[in-house]
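Accompanying notes for the structure given below.
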Amino acid sequence: MSQNTNQDVNTNTVSYADFNNPAGQTTIQGIRGVSESENVYIAGSLLSENNLVQGLIYEGSLKTNEEEKWHIVNFPSTPAATVVNTSCYGPNNGPHGTVQIVGSYKISASAGKVPSGNLGFYYEGSIDGSGTWIQVSPNEGNTNNVFVHSVMGGLAVGNYDVENDKNGYAFIYNTISKESTEFKVPDSLTTTLYGIWHNGGDSYTMAGGYTSPKLGKISQAFLVDYNSKTKQSSNLKSFSCKNETALSIITHFEGITASKDNSYNMPSDWISLNGEKNGASFVSVSRNSDGSFGEANWTDIDFPGSSVTSANTVFRNNILGIYAVENSSDTKTISSFVAKVSIEKKMVM
């Protein structure tokens, strides 16, 4: 005799809204809740009329986009090197009401060799950009491009390339000691670190993606725990888009935030197995009783009317990123958005 069992199934719905700096094309790249407040810090970049990229930081409500809450912040130029663009990736709460920001910048040197590509930075101070800016140089400065993606709990994570080397390298930067530690998924060809969450004490959880000889051209997302004292990692788990057996070409986690019930939420970008579709998702992962990571729950993020949507960062159950709309002149309009994922449970037999 068979017996029916009632089960709770999550049915997620998504609501969308534009979220841009009124001054121009905005790319949102990072978010963090402001301590003891319902407000948030949002980091990104602004494309100016002369095609220069300027750093952006917003402090205010996620529900109401307030024009006066946007601040332009740029890595300072020097007599020897003019900064030609700044892009802010991850914000965080600093000490005594300050803000911490990480990202990248480019310079045009007036003398000597211009560094190739982007330089990484860490900022701490007032939200107006008048605080302390520090260049982040992993691998003793032997880099082609440096991107610092996320910061929390005294650690930042990012990536760099080496000239004439197509592999990507990940690193963990200590904002106090200014030291960098290499991080690599075991047996990987490339490793990227885009998100870090401080669980408390020496415990962190990091998110990103990797490729390996076993997977070939296929890239998978991952979560991993990290101990800042021992510099050891644990509970590494790989993820493919929508838990497919036939792996997507690319699945990548773009950030991470803690959620209720000992779980984490991540924004994910992906490209389908045949390469014909690229998309974005809100991903939720809970821990098993032994501390390992469980299976992922996926919710598609697709801004209405867009030709492509990218999920760049996450706050609670909100995904922020950019979307593109095709114009009649074969051009694209790029805008930033916030998508709120509402989780509803229904009973099924």
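Can you tally the net charge around Lys231? Count Lys and Arg as +1, Asp and Glu as -1, for every other residue whose Cβ sits under 13 Å from the Cβ of Lys231.
Within the 13 Å Cβ shell, the charges total -2.
Please order Lys277, Lys229 by the number of other Cβ within 10 Å, starting at the fewest. It would help to have the intermediate numbers written out before the result.
Values: Lys277 11, Lys229 8.
With the fewest neighbours first, Lys277, Lys229 line up as Lys229, Lys277.
Assuming R0 = 45 Å, can you tell me the calculated FRET efficiency for the pair Asn142 and Glu276, based on Cβ-Cβ distance, to the nearest 0.05?
0.70
Would you work out the charge dipole size for segment 27-83 about its Cα centre, treating the Cβ of every Lys and Arg as +1 and the Cβ of every Asp and Glu as -1, and quote it to the nearest 20 debye?
Using Cβ point charges on Lys, Arg, Asp and Glu, segment 27-83 gives about 200 debye.
Can you work out the FRET efficiency for the pair Glu326 and Ser15, with r the C-beta to C-beta distance and R0 = 22 Å, to the nearest 0.05?
Using R0 = 22 Å, I get an efficiency of 0.45.
Which one, Thr333, Leu155, Gly120, is farthest towards the positive end of the dipole of the chain when Lys and Arg carry +1 and Asp and Glu -1 on their Cβ?
Towards the positive end, the residue furthest out is Leu155.
Read phi for every residue in segment 53-60 and hand back ³J(HN,Hα) as whole Hz from Karplus 6.51 cos²θ - 1.76 cosθ + 1.60, θ = phi - 60°, with x for Gly and Pro.
9, 10, x, 10, 9, 10, 10, x
Given 0.36 nm per residue, what is the gain on full extension from Lys166 to Ser108 after removing their alpha carbon distance, in nm? Present the calculation step by step, with values, prior to reporting the outcome.
Working: separation 58, 0.36 × 58 = 20.88 nm, distance 2.42 nm.
Net length gain for the segment: 18.5 nm.
Need one word for segment 83-171: rounded, prolate or oblate. Basis is the Cα gyration tensor (sqrt eigenvalues a ≥ b ≥ c); a/c below 1.5 gives rounded, then a/b vs b/c decides. Working shown, then result.
Working: a/c = 2.70, a/b = 1.47, b/c = 1.84.
Here segment 83-171 falls in the oblate category.
Can you tell me what percent of all Cα-Cα pairs in segment 170-306 are more than 28 Å apart? List each step's numbers first, then the result.
Numbers: 1611 of 9316 pairs.
The proportion of pairs with Cα distances above 28 Å equals 17 percent.
Might you report the magnitude of the Cβ-based charge dipole of the chain about its Cα centre, with Lys and Arg at +1 and Asp and Glu at -1, to the nearest 20 debye?
Magnitude of the dipole: close to 480 debye.
Run the simple label-point estimate for Glu38 and Ser77 please: 7 Å along Cα→C-beta, distance reported in nm.
About 4.2 nm, to one decimal.
Mind running the shape call on segment 17-348? Use the C-alpha gyration tensor, a ≥ b ≥ c as the square roots of the eigenvalues: rounded below 1.5 for a/c, prolate if a/b tops b/c, oblate otherwise.
Since a/c stays below 1.5, the shape of segment 17-348 is classed as rounded.
Given the options Asn174, Gly216, Leu236, identify the residue whose Cα lies farthest towards the positive end of the charge dipole of segment 164-238 (+1 on Cβ of Lys, Arg; -1 on Cβ of Asp, Glu).
Gly216
Go through Met206, Val83, Val136 and say which Cα lies farthest out towards the positive end of the charge dipole of the chain; charges sit on Cβ, +1 for Lys and Arg, -1 for Asp and Glu.
So the residue furthest toward the plus end is Met206.
From the phi of every residue in segment 93-101, what ³J(HN,Hα) in whole Hz does the Karplus formula 6.51 cos²θ - 1.76 cosθ + 1.60 yield, where θ is phi - 60° and glycine or proline is x?
Computed from phi, the couplings for segment 93-101 are 6, x, x, 6, x, 7, 10, 10, 9 Hz.
No value in this document is a laboratory result; all are computed from the given coordinates. Just so you know, these numbers come straight off a predicted model, no measurement behind them. For neighbour counting, all protein chains shown are included, and Cβ atoms are generated from backbone atoms with ideal geometry for every residue, glycine included.
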